[in-house]
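Following: one structure in structure tokens, then a few remarks.
The values are calculated or read from the model by the stated rules, or taken from the named source; none is laboratory data. Because the structure is a prediction, the values reported are computed rather than measured. Don't worry about glycine lacking a Cβ; one is built from the backbone with ideal geometry, like all the others, and counts go over all protein chains shown. These accessible areas exclude ligands, DNA and RNA; they are computed on the full protein's heavy atoms, side chains included. Shrake-Rupley method; radii C 1.70, N 1.55, O 1.52, S 1.80 Å.
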Amino acid sequence: MDKSEKIALFLGVCMLSLFFFAVLISAKVFKQDVPECITPDQIFTEGELVEIEPGKLYQLKYLSKMWAFEPAEVTIPVGSDVDIYLASQDVVHGFYLRGTNVNMMAVPGALNKKSMHFSKPGIYPIYCHEYCGTGHQFMKGKIIVTP
Ligand code: CUA
């Protein structure tokens, strides 16, 4: 094996190790994970906020449709754990909760889930980040976290 091949192989192994180390740190230290995909027979037709344990645990069912999120605005107390479920009524939409790692796709016929702990009060805007038609830019919502 040529010396330059050995160097290239060594650098390749180093880069691969660095990549896996970065993924491990991201998952374990920064708690990054991927959205769960739920079985499609549980898809809902209306969006709603369900209080499981008052002040602590909520289910937030978001229905995406041209061109709104339902519910458009919800209010929860700080310190809440929220299971966010996302479905689409029509086409593919995006769902990005600004300032968090909640970033999902709303795909017709599929249901996605992501859990979030709201430790800071404030207004968390929601944006559709997938072009879904002429009203795409109006597709917004917000989660208000009260102290
Ligand atoms: Cu929904 Cu863009």
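Some points to look at:
- Surface analysis of the chain yields an accessible area of 61 Å² per residue, using protein heavy atoms and a 1.4 Å probe.
- Across the protein chains, with a 1.4 Å probe defining accessible surface, the residues H136, H117 rank H117, H136 from largest area downward.
- Region 27-99: mean projected area of Cα convex hull, nm²: 6.1
- Each Cα pair under 8 Å and six or more residues apart adds its separation to the average, and for region 27-147 the resulting relative contact order is 27 percent.
- Sequence ranges 122-134, 4-16, ranked by mean other-Cβ count within 10 angstrom, highest first: 122-134, 4-16
- Largest-first principal axis extents, alpha carbons of region 3-69, Å: 64, 31, 23
- 0 to 90° range, to nearest 10: angle between helix 3-28 axis and the chain longest Cα axis: 20
- Taking 20 Å as the limit for the C-alpha separation, the pairs K113/K142; K65/K113; K31/K61; K31/K114 exceed it in the case of K31/K61.
- Ordering M15, F44, I25 by the projection of their Cα atoms onto the charge dipole of region 1-54, which places +1 on the Cβ of Lys and Arg and -1 on the Cβ of Asp and Glu, puts M15 at the extreme positive end.
- Cα coordinate range in the chain, projected on the principal axes (Å, largest first): 64, 37, 30
- Geometric extent, Cα atoms of region 84-147 - Rg, Dmax (angstrom): 12.3, 37
- The separation of region 1-34 from region 42-103, counted between C-alpha centres, amounts to 36 Å.
- Share of carbon and sulfur in the accessible heavy-atom surface of the chain [1.4 Å probe, %]: 62
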